[in-house]
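For reference, the structure discussed in these notes is given below.
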Amino acid sequence: MPFNSDRMKALREIKGFSQETLASRAALSQSAVTRAEKGTTPNPTGDVIERIATGLDCTMDYLFGRGPDYHDDREAAAKMAFDVFASDKSTKDQERERCRRASTHPDAPKTAELWRSFAEMVELAISTPPASTNLVVLKRGRGKTGTR
C-alpha cells in the first residue's frame, strides 16, 4: 500500500499544525513535509515517514492506510495521541486510566502533549490540597473616612 498523503494532511490540520510546525516537530525541512503532503514524493523514505508519524503522534501504518479502523480523522488523532501519551514511561498507571475514559470524547486532546496537560488538570481537579496550603480569609474593616 502506498503512502497516504491525504491522511497526513488531515491529521496535521486536525491537530492545528502548520506545515512549519510539523516540520519542526518531525525534525524535517518544511519542503520535505510539503512534498510528502502534496504527493510529489510518492514514496517518501522510511526515515521521513517515521519522523512524520512521530511529529503527528500517529503510527506509520496509519499513514499507509493500514491498522485500526477509526470512525473519522478526529477520532484517529485523539486515540493515536492517547496511545503515545499512554506508552510514555513517565505516564503513571493512574493517569493513564483516568484519561483513557476521555479518549472517546469528541473534544479529546489530539496530541500527546495535550494529553499530558489534560492528565495534570485532572489530577489538580480531583486531588485534595495538602493541609499546609489552606487559604485563610482575612476580614478587613473599613478604613476611616473623613468628612470635609
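Below are the figures for this structure:
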| quantity | calculated |
| --- | --- |
| Residues (among the basic types (Lys, Arg), part of a helix (DSSP H, G or I) and either crowded, with 20+ Cβ neighbours inside 10 Å or free of Cβ contacts under 8 Å to residues at least 60 places away in the same chain (or both)) located in the stretch 1-31 | Lys9, Arg12, Arg25 |
| Test: Glu75 is touching a Ser or Thr at 6+ places or on another chain (Cβ under 9 Å) and within 30 Å of Ile126 (Cα to Cα) | yes |
| Residues of the stretch 24-37 satisfying the condition of being under 16 Å from the mean Cα position of the chain (by Cα) and among the hydrophobic types (A, V, I, L, M, F, W, C) | Ala26 |
| Leading residue by the ranking (surrounded by the most Cβ atoms within 10 Å (Cβ to Cβ)) among those in the stretch 32-49 that are in contact (Cβ under 8 Å) with a residue 24 or more places away in the chain and part of a loop (DSSP other than H, G, I, E, B) | Pro44 |
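Values in this text are rule-based calculations from the coordinates and carry no lab data. Keep in mind it's a predicted model, so treat the numbers as computed, not measured. Methodologically, a virtual Cβ is constructed for each residue, glycine included, from the backbone with ideal geometry; neighbour enumeration extends over all protein chains shown.
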